[in-house]
Amino acid sequence: MTDWASLTYVVVDVEGNGQQPPNLVELAAVPIVGGAIGEPESWLVKPDLPITSFARKIHGISNEQVADAPVFAYVEADVLKALDASALIAHNAHVDVGVLQRKLGDWECPEVFDTLKLARRLLPGRTTYKLGALVEEFDLAHGLVSRAGNAVIKRLRQ
């Protein structure tokens with residue numbers, strides 16, 4: 001039997017530019033090692049194509065905010081290091097994983113836990129399964145006090 005606390009996890013959230021397929025604008029990653037939540041990291045990057053007005057309404061990141069951000073290649077090594085885990089956790093994970101696979105090429109995605117699928121299965125009958133609503137309902141942001149964590153929480157509550 002697997003001791004779940006012995007595994008390393010990384011919780012990720014990707015924000016895209018609204019193009020199809022979406023291109024990375026921001027990535028946040030929170031490690032969980034030995035059952036303990038680690039320090040969140042986040043990267044704002046300049047996407048290959050502009051951010052659409054629809055995407056800006058969702059995540060609040062403008063083209064002006066990313067104008068001076070680095071291109072993804074500049075942060076790629078740090079992102080790969082942050083994603084080195086036994087399992088990846090994300091809400092509506094196929095979108096996040098798809099963006100990461102397009103940006104990282106040969107990256108092998110670990111086992112994926114999709115919190116949207118889990119919530120729909122374990123919490124039937126909710127009027128919404130938006131991540132922000134679930135974070136609020138279960139007080140999941142309690143205790144996250146880092147700058148990166150606060151930025152992620154702010155976006156989750158939008």
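What follows is calculated from the coordinates using simple rules that are stated; it is not laboratory data. Values in this document were obtained by computation on a predicted structure and should not be read as measured data. Backbone-built Cβ (ideal geometry, glycine too); neighbour counts: all protein chains shown.
For the range 59-65, just list the computed ³J(HN,Hα) in residue order, Karplus coefficients 6.51, -1.76 and 1.60, θ = phi - 60°, integers in Hz, with x standing in for Gly and Pro.
Karplus values, whole Hz, x for Gly and Pro: 10, x, 9, 9, 4, 5, 5.
What FRET efficiency comes out for S62 versus D139 if R0 is 30 angstrom and r is the Cβ-Cβ distance? Round to the nearest 0.05. Can you show the working numbers first?
Details: r = 30 Å, r/R0 = 1.01.
Once rounded, the FRET efficiency stands at 0.50.
Stretched out fully, how many nm does the piece from L80 to T8 gain, at 0.36 nm a residue minus the Cα gap?
Here the answer is 24.5 nm.
Residue separation times 0.36 nm, minus the C-alpha to C-alpha distance between V71 and K117: what's the value?
Between V71 and K117, full extension yields 13.4 nm more.
Roughly how many nanometres apart are two label points built 7 Å out from the Cα toward the Cβ at E108 and D48?
Result for the modelled spin labels: 2.5 nm.
Pick from L83, L118, L100: which is most flexible by mean-square fluctuation in a GNM of the chain where alpha carbon atoms under 10 Å apart are linked?
Evaluated over the chain, the most mobile residue of the options is L118.
Relative contact order of the range 48-120: what whole-number percent is it, with Cα pairs under 8 angstrom and at least 6 residues apart?
So the answer I get is 29 percent.
Less than 16 Å apart at the alpha-carbon level, and either on another chain or at least 8 residues along: which lysines does that give for K117?
Output for K117: K130.
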